[in-house]
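Worksheet for the structure shown next.
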Amino acid sequence: MEGLACAAARMGARIKIVEVERTPAWSRQPRMLDFALNVKTDRHGEYFEISLEPKSETELMVLDVKPEIRHLLLLSRAGAEKHRFLLGHDERHWFVAGIPERAPVSTVRDALKALKPEAVSNLENRVRARVRDRRSNAVRIRQGEWFFLPAPDLVVPPLLILRDEPLRRGNGKPHTCQELFRTGGETVYVSGSASNGISEVEFAALSDQERRRSNWRVMRRNPNVYVRGRVRHSDHRTVELDGWHQVLSNTEDQSYAMRNIAFLD
C-alpha cells in the first residue's frame, strides 16, 4: 500500500503524526481507540493530525487515493478490529469522516456512497453515475454533511415556520436556515456538558445544583426537518432552496469512531 504521507501529498494535504499519552478529548467513545484523527491549522495552513498513544497497536493503511477530487480512504487495523476513514477536501476545508463499519468499503467511491443516507442513494439510481458525487444533481443538493431532498407536496402552516434557525449535529458549527419546519423526534436537554442531549427522564433526575451548573436548552433529537430559502455556513457556499426540502444527514454518526455525534436540531 502507498505510504500515508505520500498519498496525502498527492492530494495536496499534509499529515503529522504525534505521540500522546491518551486519545484527545474530541474522541469520546465509551471504549476509546488508541489513536485519533483531526484537522488542525498551523502557519502553513490546515493539516491532518494523527495522535497515537505510546504503545498503540494500530496499523494505518491507505486503501485508495483520488487526487483529482482530493480524497483518501484510510484503514485502521488493530488485530481483528478495523475502521475506515475518509480524509478529503470539501469546498474550503479538509475533513475527516468515519465510515459505518457495516459498509463493505475499499475505494473512495465506495466510501462516498456509504456516507449517503439510503433515501439519497435510492434517488440517485435515477441519475448518471458520473454526477452522483457532485454537490448538486437532479435529485438532491448537498452542503457539508447535510443533504436536501425536494418535498414539493409539503404544506407548512405559516405559524410553524422558524426563521434564521440553526441546523447542527453534535458540536459542529451550525448551518443557518432562512426558513425551517420540524416535526416529530425526541425532546432532549442540551448543555455544554451534554452536547448530544439527555432525555426528559434523565433531566428530571438531575439535582437542582446540576441543573443550575449549566445553561440547558430544549432541543429535538432526530426530528423530521424541512428547510426553504437560503442555507448559510462559513465553510460552504450558500445554498438556495426553491421550495421545501427534507433534510437528511450523512451516515458518519453510524460509525464506531463517530458514534457519539447525534442529529440535534
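The values are calculated or read from the model by the stated rules, or taken from the named source; none is laboratory data. Just so it is clear, the model here is predicted, and its values are computed rather than measured. As a convention, Cβ positions derive from the backbone with ideal geometry for all residues, glycine included, and neighbour counts pool all protein chains shown.
Quick notes on this structure:
- Within the stretch 250-265, considering residues that are in contact with a Pro (Cβ under 6 Å, 6 or more places away or on another chain) and not in a helix (DSSP H, G or I), the one modelled with the lowest pLDDT: ASP265
- Where a residue in the stretch 93-105 is in contact (Cβ under 8 Å) with a residue 60 or more places away in the chain and among the aliphatic types (A, V, I, L, M) and its partner, wherever it lies, is surrounded by fewer than 19 Cβ atoms within 10 Å (Cβ to Cβ) and assigned to a strand (DSSP E or B), with Cβ under 9 Å and at least six apart: none
- Selection status of ALA119, surrounded by fewer than 19 Cβ atoms within 10 Å (Cβ to Cβ), in contact (Cβ under 8 Å) with a residue 12 or more places away in the chain, of a type in the set (A, V, I, L, M, F, W, C) and part of a loop (DSSP other than H, G, I, E, B): no
- Residue list for the stretch 77-95, filter: over 14 Å from the mean Cα position of the chain (by Cα), of a type in the set (D, E, K, R) and farther than 14 Å from PHE35 by Cα: GLU91, ARG92
- All positions within the stretch 197-230 that are within 30 Å of ALA103 (Cα to Cα) and hydrophobic (A, V, I, L, M, F, W, C): ILE198, VAL225, VAL227
- Residue among VAL190, VAL247, VAL227 that is in contact with a His (Cβ under 7 Å, 6 or more places away or on another chain) and assigned to a strand (DSSP E or B): VAL227
- When ARG168, ARG140 are checked against the criterion of being at pLDDT 95 or above, under 26 Å from SER121 (Cα atoms) and within 18 Å of the chain's Cα centre (by Cα), a single residue qualifies: ARG140.
- Among the residues making up the stretch 173-224, those that are of a type in the set (Lys, Arg) and free of Cβ contacts under 8 Å to residues at least 60 places away in the same chain are ARG211, ARG212, ARG213, ARG217, ARG220, ARG221.
- Of VAL96, VAL127, VAL139, VAL156, all but one fail to be surrounded by 11 or more Cβ atoms within 10 Å (Cβ to Cβ) and assigned to a strand (DSSP E or B); the exception is VAL96.
- For the stretch 65-76, the count of residues that are within 20 Å of VAL18 (Cα to Cα) and either surrounded by fewer than 16 Cβ atoms within 10 Å (Cβ to Cβ) or aromatic (Phe, Trp, Tyr) (or both) is zero.
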